[in-house]
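Participant: Attaching a single structure in structure tokens format; questions to follow.
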Amino acid sequence: MPEGRQPILELQGITKSFGGVEALRGVDFALSAGEIHGLVGENGAGKSTLMKIIAGVHSEFSGRFLIDGKQTHFRSARDAHAAGIAMVHQELSVAPDLTVAENVFLGNQPTNRLGLVQWRRMAREAGEQLARFGIDVDPMSRLGDLPIGLQQLIEIARVLFSGARIVILDEPTSALSPPEVERLFSTLRRLREQGTGIVFISHFIEDILLVSDTVTVFRNGRKVAETAAAATSKGALIEAMIGRGGEALEHSYTDDLMLPRPSDSAVVLKVDQLSLARSLKDISFEARAGEVLGVYGFMGCGQQELSRILFGKLKPDGGTLAVEGKPKTFASTAAARRAGVALVPESRRAMLFHQEPVYKNVSISILDRISALLLKPARERDIARRQVEQLQIRPPVVGLDLGMLSGGNQQKVALAKWLTFPPKLLVLCEPTRGMDVGAKNDVINIVRDLRAKGLAIIVLSTEPETVLSLADRILVLKRGTVVREFRNEPVSKDRLLQAA
Amino acid sequence: MASSETALAAGQRARGIAPFLRSQMRNIAPFLTLIFLSAFFALASPSFATLDNLGNILTQVSVTGIIAVGLTFVILCAEIDLSIASIANVTGIAVAYFTLQESYVNIPNIPLPGAAAILMAILLCALLGLVNALGLTVIGIPSFIMTLAMMQIAAGISALLVRGQIAYKVPGVITTLGSGSIGGIPWIVIVAAIMLLGGHLVLTYTRFGRYVYMVGGNREAAEYSGLNVKLILGAVMVISAVCSGIGGMLGVAHFGSAQQNEFDTYLLDSIAAVVVGGTSLFGGRGGIGNTIVGLFVLGVLNNGLDHVNIDSFLKILIRGLILLAALVINVYAQRLREKAAE
């Protein structure tokens, strides 16, 4: 916090627990007007919980909560909103079937005296607001038709321009391409000039250092450090986050990395001339046993569609798929699973059952392997316990409802679903998105283990680091076609970005 | 590790009794309603709380109970089946259509041996359920609309079969199960109990039952887990139609006649029983236990209103209000649970 300013928001001794597990223990936090405050910490360290308390999502907690020096208690997100606090949540929350303009003005459309929506005015103003953000889209187009990155930018724009005095951004950059991130940052700086207080949560420590004035580090529900961004470094922050020597943990991948010689093991998946409407054109490649194939490209390059075709969720318009030499046309995801294909999609919400216990989430994909007709709950729990132990899922309670786990631990559960009876081909979409360094390393190690066991693995990501940290061979996808393959040659973040 | 697990699970429970009760409101509220209604009618009328009357209530809810078994599966999947009453009706008529009627019944029917008649009737309701299933899963018609069409189709087949006439005879075994009794207990109550128990066992202890809950809980996640969601949805539509058909056959025997529009009130009653019992309209929560409580709430209400001196036209309004209250609780219970899970 810059010297001499009165904080607009102050929290003292905040403690919050879920089901007997303490998520926050006596945390102090302060934000002043015109400050960008970065928050870092591993998954489950308590960042999101603290922010949800500020945004009125969690109304039960102990500790003091002051706004402009006055003690306050929000009973709902609506109360927080009325007090000028707005939050962009980690998971996209937009209305895909409404227009861009309606999304920008969600909840406060301009109306005339009769209470009718002024469409033309709304479209014009939405267009102007988005243009200030460097987004050039037709305000009357359907939001759901735009790429995910753009949707996320529009959601952020809505919150930033809502007139809130305190804006909380939870992992806003995970789905954005580098130029989009740059645009977001310049907007944040402009808002800072105008006196808005901004909290910025990210796992991208470079981003945090670039844009924040102050950085606070969380570990295990406690605040372990608060420092001026100018006075710290990435290594120091990582060390504070995980509490062990951090320097070597996160590779920056700016230097060349040598890809290994292509493997000549058995071809597990052969894709030939695959096409899908406007998304994919003539995609051909092979995935081999014991090899990790990386597929890199910007948001909207067709990765998502490709992964859905491999798992039988989308049907291609043309081209063929063959698993272990046998041609396949998957009628359903069940058919793909039976053929030995597994998919972990990028969204946890699409993959997990939040109101069910962890063990039911782990066992759902393998129930037909462990029970013919009757369920065997004891066996399910055993299997889940083994996975929870191997993947170090916290807390290690298989009977806990999944919704009580932190985001990163949920992501591990999504992976655990497929690991008891490993598939022949494992397709991972954004396997480390939104994860902290420690969890990322866990996932990298798990994937390497699986590769050693002879699985063919395809990793699709929009983050160059993810692909570089995992892949033996890399395809670069651009507007639905493969534009470059890296194999047996040096590769780096720069080279990847250039190819895309 | 095991001990830390118990400690944490205990911690989850020990958050205080109030949040626990809130998360269980779906199950508690219908039960309290039942106790309240029973106590009220017992005090208001000396003839209500008797063993004889309990038998009456059980008999009165049996046909609804048989139909509600299948409907519970459908609603757990977050779908709906509006064709249950029509399918019950057409199946009841079909089993009579394939039975030799008395000479004064003027229906050009096709008499078959009893077993064949029952088989034909079951095939018919399964076929209609299959049409529902295909419409929902292959063509992609929302179940609300698909089964609305099926409601008309089944009513149309009924009309064609009986042509405004009334048939009376059904195969002997159906007559026994529908209107006979053993040791003082009506067979129809036993059949309903067995089917409810069977439905509960399937939902709780089989793989298919788990799939039903998971598909209802998060359909997208079920699909990304490699479940054949369409097959499961199709299966529940067929199960619903077959349960309705069985209810229809026994109902016809119970009433002693098969005619058009005989089951019309069973549509609302069955949906009410499932929802009043606390099974979530959003899918994934509830079960046969809830349905049984819901059946008793409806049964006690319908029966009790006959025992107290009340305007018979007011009964309909009261039933409507109770249903509304149950729906409000259903939606609130969902919200409270989501809050508790945060």
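The values are calculated or read from the model by the stated rules, or taken from the named source; none is laboratory data. Keep in mind that this is a model prediction, so the values were computed, not measured. Glycine gets a Cβ as well: all are built from the backbone with ideal geometry, and neighbour counts include every protein chain shown. Just so you know, the surface numbers come from the protein's heavy atoms only, side chains and all, with ligands and any DNA or RNA stripped out. Shrake-Rupley method; radii C 1.70, N 1.55, O 1.52, S 1.80 Å.
Participant: Given H placed 1.01 Å from N in the peptide plane, which residues other than close sequence neighbours of A:GLN118 have an amide H under 5 Å from its amide H?
Facilitator: A:THR111, A:ASN112
Participant: Using amide H atoms built in the peptide plane, which far-off residues or other-chain residues are under 5 Å from A:PHE200 H to H?
Facilitator: For A:PHE200, the qualifying residues are A:HIS37, A:GLY38, A:LEU39, A:LEU169.
Participant: Select from the stretch B:80-165 those chymotrypsin sites (Phe, Trp or Tyr not before Pro) which occupy a DSSP coil region and have at most 12 other Cβ atoms within 10 Å, ordered by residue number.
Facilitator: B:TYR104
Participant: What is the distance in Å between the Cα centres of the stretch B:97-151 and the stretch A:332-356?
Facilitator: With the stretch B:97-151 and the stretch A:332-356 each reduced to a Cα centre, they are spaced 37 Å.
Participant: Then there's this: Give or take rounding to whole Å, what are the principal axis extents of the alpha carbon atoms in the stretch A:280-360, in descending order?
Facilitator: Per principal axis, max minus min of the Cα coordinates gives 41, 31, 29 Å.
Participant: Compare each residue of the stretch B:221-236 in its chain alone against the assembly with all protein chains, and report those whose accessible area goes down by 50 Å² or more; 1.4 Å probe, heavy atoms.
Facilitator: B:GLU223, B:TYR224, B:SER225, B:GLY226
Participant: Using only helices, what value at 222 nm comes out for the protein assembly as shown when you add -39,500 (n - 2.57) per DSSP H run of length 4 or more and divide by the total residues, to the nearest 500 deg cm²/dmol?
Facilitator: -15500 deg cm²/dmol
Participant: Need one number: % antiparallel among DSSP beta bridges in the protein assembly as shown, to the nearest 5.
Facilitator: 55
Participant: Using the Karplus equation 6.51 cos²θ - 1.76 cosθ + 1.60 (θ = phi - 60°), what ³J(HN,Hα) coupling, rounded to whole Hz, does each residue of the stretch A:337-353 give in order, writing x for Gly and Pro?
Facilitator: 4, 5, 6, x, 9, 10, 10, 10, x, 6, 9, 5, 4, 7, 10, 10, 10
Participant: Using protein chains only (no ligands, no nucleic acids) and a 1.4 Å probe, work out which residues of the stretch B:187-214 have their accessible area cut by at least 20 Å² relative to the chain alone.
Facilitator: B:TYR205, B:THR206, B:ARG207, B:ARG210, B:TYR211, B:MET214
Participant: Related question: Carbon and sulfur: what percent of chain B's accessible surface (1.4 Å probe)?
Facilitator: 70
Participant: May I pose another question? Between the stretch A:2-72 and the stretch A:102-170, how many Å separate their Cα centres?
Facilitator: Taking the Cα centre of each part, the stretch A:2-72 and the stretch A:102-170 sit 28 Å apart.
Participant: Per residue, how much accessible area does the protein assembly as shown have with a 1.4 Å probe, in Å²?
Facilitator: Computed with neighbouring chains in place, this is 42 Å² per residue.
Participant: Whose amide H sits under 5 Å from the amide H of A:LYS478, counting only residues 5 or more places off or on another chain, with H placed in the peptide plane?
Facilitator: A:VAL483
Participant: Still on this model: Note every residue of the stretch A:334-378 with a reduction of at least 50 square angstrom in accessible area, all protein chains present versus the isolated chain, computed with a 1.4 Å probe, or write none.
Facilitator: Checking the loss per residue gives A:ALA350, A:PHE353, A:GLN355, A:GLU356, A:ILE364, A:LEU375.
Participant: Now for a separate question. Can you grab the distance from the C-alpha centre of the stretch B:26-73 to the C-alpha centre of the stretch A:422-486, Å, no decimals?
Facilitator: So the separation of the two Cα centres works out to 58 Å.
Participant: Quick one: with all protein chains in place, what share of the accessible area of the stretch A:7-242 is carbon or sulfur, to the nearest percent (1.4 Å probe)?
Facilitator: Roughly 48 percent of what the probe reaches on the stretch A:7-242 is carbon or sulfur.
Participant: Quick one: grab the alpha carbon gyration tensor of the stretch B:29-341, order the square roots of its eigenvalues as a ≥ b ≥ c, and give me rounded if a/c is under 1.5, else prolate or oblate depending on whether a/b is larger than b/c.
Facilitator: oblate
Participant: Please give me the summed charge of the neighbours of A:THR232: other residues whose Cβ is under 13 Å from its Cβ, Lys and Arg +1, Asp and Glu -1.
Facilitator: The answer is -3.
Participant: I'd like the accessible area for A:SER406, computed on protein heavy atoms only with a 1.4 Å probe and all protein chains in place. Round to 10 Å², please.
Facilitator: The accessible area of A:SER406 comes to roughly 30 Å².
Participant: Any chance you could give the angle, 0 to 90 degrees and rounded to 10, that helix B:25-44 forms with the longest Cα principal axis of chain B?
Facilitator: That works out to roughly 60 degrees.
Participant: Of all beta bridges DSSP finds with both residues in the stretch A:7-242, what is the antiparallel percent, to the nearest 5?
Facilitator: Given both bridge residues lie in the stretch A:7-242, the antiparallel proportion sits at roughly 55 percent.
Participant: Mean Kyte-Doolittle of at least -1.0 plus a Cα span of 15 Å or more along the axis: flag which DSSP H helices in chain A meet both, please.
Facilitator: Flagged H segments are A:148-160, A:178-193, A:437-452.
Participant: If you take the accessible area of B alone plus A alone and subtract the pair, what total do you get in square angstrom, rounded to 100, with a 1.4 Å probe?
Facilitator: 3500
Participant: What list of ³J(HN,Hα) values in whole Hz, one per residue of the stretch B:289-303 in order, does the Karplus curve 6.51 cos²θ - 1.76 cosθ + 1.60 (θ = phi - 60°) give from phi, with Gly and Pro shown as x?
Facilitator: x, 4, 4, 4, 4, x, 4, 5, 4, 5, x, 5, 5, 4, 6
Participant: Another question about this same structure. Counting other Cβ atoms within 10 Å of each Cβ, which trypsin sites (Lys or Arg not before Pro) in the stretch A:75-115 have at most 11 and sit in a DSSP loop?
Facilitator: A:ARG75, A:ARG113
Participant: Can I ask one more? Going through the stretch A:444-496, which trypsin sites (Lys or Arg not before Pro) have at most 12 other Cβ atoms within 10 Å and a DSSP loop state?
Facilitator: Answer by residue number: A:LYS453.
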